[in-house]
Amino acid sequence: MSTTVLTPEVAPALPSDIVTKISWKMPITYAVATIVTLVVAASTSGMTTFRFTLSRSDRFVIPDWHVNGATMNWILAGLTLLVFLYSLYRAVSRKPVGVVPAIVAGASVVAALLTWQGADAVGAVTLTATLASALALSTPLIFGSLSGVVAEHSGVVNISIEGQLLAGAFAGVLVASATGSVWLGLLAAPLAGVLMGALLALFAVKYNVDHIIVGVVLNTFALGLTTFFFSTVLSENPELNSSAVNLPNVKIPLLGDIPVIGPVLFNQTVLTYFMYVVIVVLTIYLFRSRWGLRLRACGEHPHAAATVGINVRRTRVNATLLSGALAGLGGSFFTIGASIGHSFNNNMSAGNGYIALAAMILGKWNPLGAVGAAVMFGFAKALAILMPSLNSNAPSNLINMIPYLVTVLAVAGFVGRSRPPASENVPYNN
């Protein structure tokens, strides 16, 4: 005798029946921004002058803007409060907040800090000069973040960007000083990055060593090697570490005369103009070309890529070499790539490689997103330079921490759910 057990039919859950968890990350972030602006507004007094031109000899001169600091900051605090309330409403409604509120809140906090520091200051808040400086300071970060994008889309984690930037800075000034040609220095910088990339490819791709470990070792190797040569070769031969060989600013006619935008975008060095080209070409090729499809396939599913005839190891090696070249070229900014030349110093990359990695993560492995994050970090560095000139009593140690604090807060607060290439740091055995 058999017994039949009847089970009730369970209807599948519909998408409308699924209740997503409320995310409080963005409301908390905007609440902190609101508190900062309110505190700054309460402590601001006096007039602030904003300057929009680099010099009075510019073709188009915008008059200085004089504002009451307290009034300006209370308006900015109110704007930030509205962003917080909007984010709170979107969070309770279980809907994404969007990018525009982040831009508004970030700009409000920055403007409030500048207004606070510039109130009754001797000098003016030079917005155009600060933006131009921010773009210049973003150059090595952008090259470094694009370097990480290329390598990681192929499946190789390039932690050694810091060492590649350092090697590029060293090789660039050494060759430029020895030959007297800044162009040969610019050629030597990416070659030094390629050599560092070749070491990464050797151990990470060929011998399947953990990419993180190899990257950390290469950073230490680059630091030790450049420190040794700096204390021996460059110290004994100071003519090989000249600050006189550098790229001058090249102003593009007509475009360079556009108010505010012109001096920022079109009065830069050749290295910065080449960076524009790299951004456009890499964005198109990575997502709109056979090369980009093959590269991303090796980072997502290398075994599936191999079944259609893609040489996974060769693709990863080539991507790692290109990644090293981009980082090395970015490193040349520290010595010969800026409009003001600098001699090489120990550890002059100063953590920029790690900030570039943070920009890549914040940009979610997209070239344009990485560029945007790198520019944000560059602007933070420009603020750290501007603020002491407005107020000599400003805490210098805290101000110097601004770029690194922004890096930590941005990655912790705004990355959200992001997915790296599925097979990065995963050995491929054919």
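The values are calculated or read from the model by the stated rules, or taken from the named source; none is laboratory data. Note that the structure is a prediction, hence the values are computed from the model and not measured. Cβ coordinates were reconstructed from backbone atoms using ideal geometry, including for glycine residues, and neighbour counts include every protein chain displayed. For accessibility, only protein heavy atoms count, side chains too; no ligands or nucleic acids. Shrake-Rupley method; radii C 1.70, N 1.55, O 1.52, S 1.80 Å.
Taking the stretch 100-150 on its own, how many of its residues are more than 18 Å from V32 (Cα to Cα) and under 21 Å from the mean Cα position of the chain (by Cα)?
24
Give the residue, chosen from L195, L187, L146, L202, that is of a type outside the set (G, A, S), part of a helix (DSSP H, G or I) and in contact with a helix residue (DSSP H, G or I) (Cβ under 6 Å, 6 or more places away or on another chain).
The unique qualifying residue is L146.
Pairs only if they're at least six apart or on different chains, beta carbon under 7 angstrom, first in the stretch 84-108 and small (G, A, S), second open to solvent by 60 Å² or more (accessible area, probe 1.4 Å); list them, first residue then second.
If the second residue must be open to solvent by 60 Å² or more (accessible area, probe 1.4 Å), the pairs left are A91/S23; A91/W24; A102/F414; S108/L79.
The rows are residues; the columns are (1) touching an Asp or Glu at 6+ places or on another chain (Cβ under 9 Å); (2) assigned to a helix (DSSP H, G or I).
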| position | (1), (2) |
| --- | --- |
| A222 | yes, yes |
| L225 | no, yes |
| V233 | no, yes |
| E239 | no, yes |
| A244 | no, no |
| P248 | no, no |
| L271 | no, yes |
| F274 | no, yes |
| T283 | no, yes |
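Would you call N208 touching an Asp or Glu at 6+ places or on another chain (Cβ under 6 Å) and either of a type in the set (S, T, N, Q) or not in a helix (DSSP H, G or I) (or both)?
no
Would you be able to tell me the number of residues in the stretch 57-99 that are under 30 Å from the mean Cα position of the chain (by Cα), open to solvent by less than 80 Å² (accessible area, probe 1.4 Å) and either of a type in the set (F, W, Y) or modelled with pLDDT of 85 or more (or both)?
Number satisfying all stated conditions: 14.
Can you give me the number of residues within the stretch 311-324 that are open to solvent by less than 20 Å² (accessible area, probe 1.4 Å) and either of a type in the set (D, E, K, R) or over 30 Å from G163 (Cα atoms) (or both)?
Adding up the residues that qualify gives 1.
Each row is one residue, and each column tells you yes or no for (1) open to solvent by less than 40 Å² (accessible area, probe 1.4 Å); (2) touching a residue at least 24 places away in the same chain (Cβ under 8 Å).
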{"site": "L195", "(1), (2)": "no, yes"}
{"site": "N237", "(1), (2)": "no, no"}
{"site": "S242", "(1), (2)": "yes, yes"}
{"site": "L254", "(1), (2)": "no, no"}
{"site": "L286", "(1), (2)": "yes, yes"}
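Suppose we filter N397, N425 for residues that are touching an Asp or Glu at 6+ places or on another chain (Cβ under 9 Å), of a type in the set (S, T, N, Q) and either modelled with pLDDT of 80 or more or open to solvent by 40 Å² or more (accessible area, probe 1.4 Å) (or both); which single one remains?
Numbers: N397 fails: touching an Asp or Glu at 6+ places or on another chain (Cβ under 9 Å).
Just a single option satisfies the conditions, and that option is N425.
Output the residue which, of all residues in the stretch 174-193 that are without any contact (Cβ under 8 Å) to a residue 24 or more places away in the chain and not small (G, A, S), is least open to solvent (accessible area, probe 1.4 Å).
Result: V175.
Mind telling me which of the residues L368, L295 ends up being part of a helix (DSSP H, G or I), at pLDDT below 95 and either of a type in the set (D, E) or surrounded by fewer than 24 Cβ atoms within 10 Å (Cβ to Cβ) (or both)?
Testing whether each residue is part of a helix (DSSP H, G or I), at pLDDT below 95 and either of a type in the set (D, E) or surrounded by fewer than 24 Cβ atoms within 10 Å (Cβ to Cβ) (or both) leaves just L368.
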